1. Only one residue in ASP64, ASP46, ASP78 is farther than 20 Å from ASN280 by Cβ, surrounded by 18 or more Cβ atoms within 10 Å (Cβ to Cβ) and out of contact with any Pro (no Cβ under 8 Å at 6 or more places or on another chain). Which one?
2. Of the residues GLY224, GLY203, which single one is surrounded by 22 or more Cβ atoms within 10 Å (Cβ to Cβ) and touching a residue at least 40 places away in the same chain (Cβ under 8 Å)?
3. When the residues of region 150-177 are narrowed to those that are out of contact with any Pro (no Cβ under 7 Å at 6 or more places or on another chain) and small (Gly, Ala, Ser), which ends up farthest from THR119 (Cα to Cα)?
4. Which residues, counting only those in region 141-156, are in contact with a Lys or Arg (Cβ under 8 Å, 6 or more places away or on another chain) and among the polar types (S, T, N, Q)?
5. Which of the residues that make up region 153-191 are over 28 Å from PHE59 (Cβ atoms), touching a Ser or Thr at 6+ places or on another chain (Cβ under 7 Å) and either charged (D, E, K, R) or surrounded by 15 or more Cβ atoms within 10 Å (Cβ to Cβ) (or both)?
6. Applying the selection to region 115-131, what residues are in contact (Cβ under 8 Å) with a residue 24 or more places away in the chain and of a type outside the set (Ser, Thr, Tyr)?
7. Do we have ALA313 as over 28 Å from PHE54 (Cβ atoms) and surrounded by 15 or more Cβ atoms within 10 Å (Cβ to Cβ) here?
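Please treat every number below as a calculation from the coordinates, not as lab data. In this text, all values refer to a predicted model and were calculated from it rather than measured experimentally. Heads up, the Cβs are rebuilt from the backbone with ideal geometry, glycines too, and the neighbour counts pull from every protein chain shown.
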Amino acid sequence: MRGVSLQNFITGLPKVELHVHHVGSASPRIVSELAARHPAAGVPSDLEELRDFFTFRDFAHFIDVYLAVVDLVRTPEDVRLLTYEVAREMAEGQQLRYAELTCTPYTSVVRGIHIRDYTDAIEDARVAAERDFGLVLRWIYDIPGESGIPAADATLEYALEHRTDALVGFGLGGPEIGVPRAQFAEHFDRARAAGLHSVPHAGETTGPETVWESVRLLGAERIGHGTSAAQDPDLLAHLADTDVVLEVCPTSNIATRAVDRIEDHPLRAFVDAGVAVTINSDDPPMFSTTLNHDYEVAAGLLDLDEQGVADLARAAVAASFAPEDVKTRIRGEIDAYAG
């Protein structure tokens, strides 16, 4: 059966992921352990109750739940546990070789973790993950847009004054409605001047104008989601002509109601317009998905065979900010696997 065969192929395929959130990657197993450490936070530690907890009514409710899990990360030890265990599940369950993990240090610092301790914790976990699992991790620091300019100022400071070699990108997440991109233009200018790549979210819950703003004002090299770009042929042409990559997260878009039905997902429209895309899982445990599953969804939407799926994996390597030797190694693994 082609479906089973393709599923097995995807399961074993070496992959990279470029749009996946640090806290949002906490599986029920990890959340349960953190909730047991901090019962006053109000997040259930029972696995069955957690499944109900992660059922979202809409994007706003998802943000509420996400922030409740953020509130469980209260100490450097929590940060280290979260990071290392997320890396374990990426490597062992998804065959990830490289991931750019989007971190939001501001939400941890305002809860009492000093940025030095936060950085030390994720770096310790990163080094251990590469040693123990063969997974190369890099960081993207993103501004929680709902917290405004103070959060942007702080995130830029963390990125510039407490930078490690593993920090490769500067992003913008959180709600889009009521959070204009223009107010963060100076922050992105300074981050880019320091050599960080621009990777804001845009066009997930707003129209294509937010994607235009992210490209024109924030210098976006990749766009997180960009779902609504499909509504504007001129924008699609611009993205294709300028090699701006869309980080597509199919299951996430359904879970947050950014797209009503998977049959309506614009992934095919992006590819037909010549826009470069990568496939990602966003906040996988919260959306009851995995990167493997999102590859299966993408394969169905694009009618791909094994070689087409392998090309998706290669496209993610090309769009990554990985060191060239890491890219070369992973490409070789994909080629050897795909035959």
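1. Within the list ASP64, ASP46, ASP78, the selection yields ASP78.
2. Of the residues listed, the single one that is surrounded by 22 or more Cβ atoms within 10 Å (Cβ to Cβ) and touching a residue at least 40 places away in the same chain (Cβ under 8 Å) is GLY224.
3. ALA152
4. Passing the criteria: none in range.
5. Within region 153-191, just HIS162 meets the criteria.
6. Matches in region 115-131: ILE115, ARG116, ASP117, ASP120, ALA121, ILE122, GLU123, ASP124, ALA125, ARG126, ALA128, ALA129.
7. The answer is no for ALA313.
So that you can scan it fast, the table gives a plain yes or no per residue for (1) aliphatic (A, V, I, L, M); (2) within 30 Å of THR210 (Cβ to Cβ); (3) buried (at least 23 other Cβ atoms within 10 Å of the Cβ):
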{"residue": "GLN95", "(1), (2), (3)": "no, no, no"}
{"residue": "ALA99", "(1), (2), (3)": "yes, yes, yes"}
{"residue": "PRO105", "(1), (2), (3)": "no, yes, yes"}
{"residue": "VAL110", "(1), (2), (3)": "yes, yes, no"}
{"residue": "TYR118", "(1), (2), (3)": "no, yes, no"}
{"residue": "GLY148", "(1), (2), (3)": "no, yes, no"}
